[in-house]
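One structure below.
The values are calculated or read from the model by the stated rules, or taken from the named source; none is laboratory data. For clarity, every value in this text was computed on a predicted model and none was experimentally measured. Glycine also receives a Cβ, built like all others from the backbone with ideal geometry; neighbour counts cover every protein chain displayed.
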Amino acid sequence: MHFKKEIDDQVSLTLDTFEQSSHDYFLQNFVPVDAVHYLHGKVIKKGVIKGEIFISINVDSQAESLPKSPFGGFWIDETINSDIISDFIRFLIENLKDLGVKSFKVTQAPCVYGKKSDLIGYLLFSQGFVLSKVLNHQVLAGKKSIKSTFNQLYSKYHKKAKEQKYNITTGNIQSFNFLQDIASWKNTRGHEILMEEDKLIQQVSNFPERYFVITILHEGEAVAHAIAVKLTSDSLYYFYSAINPKNQLRLTGELLMVYLLKLAMEKKVSFLDLGSSDLDGKPNHKLMYFKNKFADNWSNKSTWFKEIES
């Protein structure tokens, strides 16, 4: 499958069947299991890729970027102007329509991942997309801020951990046994288990250097686990976690955050994304308040939707 449009003698737009990608957001390399077609759209300027989007089309002719991922959406270089982005959106809609696609959903990464996210949202809106969902990510941005926040907190919490017989381990994922703990704890709390274990194992196996696990032990017993992932080489994302409901000590959750900060500092990332705090479609204010101690920024993740007329 190949679609192409020449904008001028320097810029062209393409939409092809996905083959491979070296894009820094590595999750786009995994073809969704329910994809009938998996497409790779590009903005090419002077022979160099300056804009990209990855689109999955399912058996019901619904297109999405990207299903069952933290986000998908457009990745646009700073050198690409708004008119070219608009042309790219229009190009995608026209060719998806030719493929018989009935709807197109785009979950755009928060602006901390790319400065043009808000502009892209505006341009999608201008072409008939409807804002269908908004989640707010709490972020600690800047290497200096990460280091400063960690230095302010570490000695205090390290002392508390020692006094209350806590131990903490961090590192790349070597075993998946901890997932049994997470599943058990979430079941006990009555929480839905959203994470697909087989999918996670595949991703870790292909990109082991991107995934980390933090384990909190209290009196020798694991009481909390958190998975962190470098969604991009310059970021660390708080992906998935659980605390043993039998452990009611506030310190447990605080230690997860402090050691997440430590990991972010050690990996020299530019920002730490603590993710969204949503419970049954509504703000989880208690969790947002807790995360706010460790973040200094708010960044929306927006999902846009458009029906495509046949």
Does any residue in region 143-166 that is closer than 26 Å to residue 222 by Cβ come within less than 6 Å, Cβ to Cβ, of a residue that is among the β-branched types (Val, Ile, Thr) and surrounded by 14 or more Cβ atoms within 10 Å (Cβ to Cβ) six or more places away or on a different chain, and which pairs are these? 153/258; 157/258
Within region 9-26, track down each residue that is modelled with pLDDT of 95 or more and hydroxyl-bearing (Ser, Thr, Tyr). 12, 14, 17, 25
Out of all the residues in region 89-109, which are part of a helix (DSSP H, G or I) and more than 26 Å from residue 299 (Cα to Cα)? 90, 91, 92, 93, 94, 95, 96, 97, 98
Restricting attention to region 269-309, which residues are aromatic (Phe, Trp, Tyr) and either without any contact (Cβ under 8 Å) to a residue 40 or more places away in the chain or surrounded by 16 or more Cβ atoms within 10 Å (Cβ to Cβ) (or both)? 271, 289, 290, 294, 304, 305
Answer residue from region 34-58, given it is touching a residue at least 12 places away in the same chain (Cβ under 8 Å) and not in a strand (DSSP E or B) and is nearest to residue 101 (Cα to Cα) among those: 58
Criterion first (surrounded by 13 or more Cβ atoms within 10 Å (Cβ to Cβ), among the small types (Gly, Ala, Ser), within 21 Å of the chain's Cα centre (by Cα) and under 20 Å from residue 25 (Cβ atoms)) does residue 121 satisfy it? yes
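One line per residue, one yes/no per condition, for (1) more than 21 Å from residue 264 (Cβ to Cβ); (2) surrounded by fewer than 12 Cβ atoms within 10 Å (Cβ to Cβ); (3) under 18 Å from the mean Cα position of the chain (by Cα); (4) β-branched (Val, Ile, Thr):
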position: 160; (1), (2), (3), (4): no, no, no, no
position: 164; (1), (2), (3), (4): yes, no, no, no
position: 178; (1), (2), (3), (4): no, no, no, no
position: 185; (1), (2), (3), (4): yes, no, no, no
position: 190; (1), (2), (3), (4): yes, yes, no, no
position: 201; (1), (2), (3), (4): yes, no, yes, yes
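Quick grid of which residues meet (1) within 24 Å of residue 161 (Cα to Cα); (2) among the aliphatic types (A, V, I, L, M); (3) in contact (Cβ under 8 Å) with a residue 60 or more places away in the chain:
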| residue | (1), (2), (3) |
| --- | --- |
| 185 | yes, no, yes |
| 191 | no, no, no |
| 217 | yes, yes, no |
| 245 | yes, no, yes |
| 254 | yes, no, yes |
| 260 | yes, yes, no |
| 267 | yes, no, no |
Among the residues of region 26-44 satisfying the criterion of being in contact with a helix residue (DSSP H, G or I) (Cβ under 8 Å, 6 or more places away or on another chain) and not hydrophobic (A, V, I, L, M, F, W, C), which is farthest from residue 211 (Cα to Cα)? 41
Restricting region 61-85 to residues that are crowded, with 16+ Cβ neighbours inside 10 Å and of a type in the set (Gly, Ala, Ser), the one farthest from residue 227 (Cα to Cα) turns out to be 61
Going through region 109-118 one residue at a time, which ones are of a type in the set (Lys, Arg) and over 16 Å from the mean Cα position of the chain (by Cα)? 116
Counting only residues that are touching a helix residue (DSSP H, G or I) at 6+ places or on another chain (Cβ under 8 Å) and part of a strand (DSSP E or B), region 290-299 contains a total of 2
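Taking the condition of being in a loop (DSSP other than H, G, I, E, B), of a type in the set (Asp, Glu) and within 28 Å of the chain's Cα centre (by Cα), how many residues in region 1-33 meet it?
Result for region 1-33: 2.
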Test: residue in region 271-289 that is assigned to a helix (DSSP H, G or I), in contact with a helix residue (DSSP H, G or I) (Cβ under 6 Å, 6 or more places away or on another chain) and over 18 Å from residue 223 (Cα atoms): no
